[in-house]
Amino acid sequence: MADIEATDAFCHASQKPGMTSAEVLRYYDNWAEKYDKDLQDLSYNGPRQCAEALAEVLSGNKAARILDVAAGTGLCATELLKLGYTNLDAIDGSQGMLDIAKSRNLYHRYICDFLGPRRLDIEDDHYDAVACCGAFSQGHMKDDCFPELIRIVKPGGLICIAMREEFLHTVEAYRGKLEPAMVALEDKGCWEQVARDIVPKYYREKDGVIFMYRVLV
Ligand SMILES: C[S@@+](CC[C@H](N)C(=O)[O-])C[C@H]1O[C@@H](n2cnc3c(N)ncnc32)[C@H](O)[C@@H]1O
C-alpha cells in the first residue's frame with residue numbers, strides 16, 4: 001500500500017501547480033521508462049474507457065484515421081488496436097514518451113510537438129477522429145488547443161477527450177473555463193456535443209469524464 005501511495009505521489013508530481021509546460025514535458029521524458037508499470041499499478045482505466053467510447057461512436061469504421069493526442073507511451077492506441085482500429089498516428093510534447101511508443105510500433109506517424117494555439121504540421125481535415133486521454137490536468141493541455149484539433153479533424157469527425165472529472169473543478173485553468181470554452185465553440189458552430197459521460201474508476205477510485213464532440217466545420 002505504501003508503495004502505491006508513493007507511485008501516486010510520483011504521478012501527481014507531474015501536475016504540481018507552478019510547473020511550466022517545459023518542466024511538465026521534461027518530467028514525462030524522465031518518467032517514460034516506468035510510466036506504464038506505474039499507471040498499471042495505479043489502476044488507470046482511462047485509456048481503455050476512452051478507446052471504447054470512441055469505438056462506440058465510430059461504430060465499426062475500422063479504417064478511421066485517428067490521431068492520439070498527448071499519446072504518451074501509447075496506452076490508448078494499445079486499446080484501440082485491441083478493438084481493431086489500426087490507422088493511428090501519435091502526437092505528444094515528450095520525445096521520451098514517444099520513443100517508448102515507437103519501440104512498440106503502435107502508430108504510423110510520431111509527431112513530437114506542443115498542443116496549444118500554435119499551428120501543427122498537419123493538414124486541414126486530415127483525421128476522422130482524435131482520441132485524447134489524460135492530457136487535461138494541471139499544467140498540461142488547455143482549451144487553447146481546441147481550434148487546432150477542430151481544424152485537423154474532418155467535418156463530421158469526432159473528438160474524444162477523457163480526463164479526471166474532479167479536475168474540472170480543482171484545476172484553476174479549467175474551473176469555470178474549460179466547459180464554457182467548449183460551449184462557446186458549439187455556439188460558434190464549430191462542433192456539437194455528442195456525449196458527456198461520467199465513467200467510474202477512471203484513475204484508481206476516481207471518476208472520469210468523457211467528452212465526445214462531432215466537428216461541424
Ligand atoms: C498523463 S500522460 C497521458 C498519456 C496517454 N494519453 C495515456 O493516457 O497514458 C499526459 C501526456 O500529455 C503530454 N502533454 C502534456 N501537455 C502537453 C502539451 N501541451 N502538448 C503536447 N503534449 C502534452 C505529456 O508529454 C504526456 O505524455
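Bear in mind these aren't lab numbers, they're just calculated from the coordinates by the rules spelled out. What you are looking at is a predicted structure, and each value in this text was computed from that prediction instead of being measured. Don't worry about glycine lacking a Cβ; one is built from the backbone with ideal geometry, like all the others, and counts go over all protein chains shown.
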Point to revise | Table column - 3J(HN,Hα) (Hz), region 203-216, Karplus curve with 6.51, -1.76, 1.60, x for Gly and Pro | key: 9, 6, 8, 7, 6, x, 10, 10, 9, 10, 10, 9, 6, 10
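Can you give the Rg/Rh ratio of region 129-217, where Rg is from the C-alpha atoms and Rh is the Kirkwood radius? List each step's numbers first, then the result.
Numbers: Rg = 12.5 Å, Rh = 13.2 Å.
On the Cα set of region 129-217, Rg over Rh gives 0.95.
Looking at region 51-166, how many pairs of lysines come closer than 24 Å at the Cα, when each pair is eight or more places apart or spans two chains? Let's see the in-between values first.
On the way: Lys62/Lys82; Lys62/Lys102; Lys62/Lys154; Lys82/Lys102; Lys142/Lys154.
Taking region 51-166 as the scope, the lysine pair count is 5.
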Review point. What percentages, rounded to whole numbers, describe P(r) for region 1-73 computed over all alpha carbon pairs with 10 Å bin width beginning at zero?
Key: 15, 39, 29, 15, 1
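Quote the relative contact order of region 27-108 in percent (integer), defining contacts as alpha-carbon pairs under 8 Å separated by 6+ residues. Could you put the intermediate results ahead of the total?
On the way: 103 pairs, mean separation 28.2, N = 82.
For region 27-108, the relative contact order is 34 percent.
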Point to revise | Distance between region 162-217 and region 109-150 - C-alpha centres, whole angstrom | key: 15
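Once you have the Cα-Cα distance between Ser59 and His169, take 0.36 nm times their residue separation minus that, and quote the gain in nm to one decimal.
36.4 nm
Can you quote the Å³ per residue value for the convex hull of the Cα atoms in the chain, rounded to an integer?
On the way: hull volume 23.7 nm³, N = 217.
Normalising the Cα hull of the chain by residue number yields 109 Å³.
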Point to revise | In Hz, Karplus ³J(HN,Hα) per residue of region 6-23 (6.51, -1.76, 1.60; θ = phi - 60°; x = Gly, Pro) | key: 5, 5, 4, 5, 5, 4, 5, 5, 7, 10, 5, x, x, 5, 7, 4, 4, 5
Check your understanding: In percent, how large is the relative contact order of the chain, given Cα pairs closer than 8 Å and 6 or more residues apart?
Key -> 20
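Within the chain, what percent of beta bridges assigned by DSSP are antiparallel, to the nearest 5?
Numbers: 17 of 34 bridges.
So the antiparallel bridges in the chain amount to around 50 percent.
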Practice item. Under 10 Å from the Cβ of Ile198, count the other residues' Cβ atoms, weight Lys and Arg +1, Asp and Glu -1, and hand me the total. Key: -2
Study note, to complete from the structure: Ser43 and Glu205 label points (each 7 Å along its Cα→Cβ direction) are spaced in nm at 0.9
**Study point:** Most mobile of Leu158, Leu80, Leu120 in a GNM of the chain (Cα contacts under 10 Å)
**Key:** Leu120
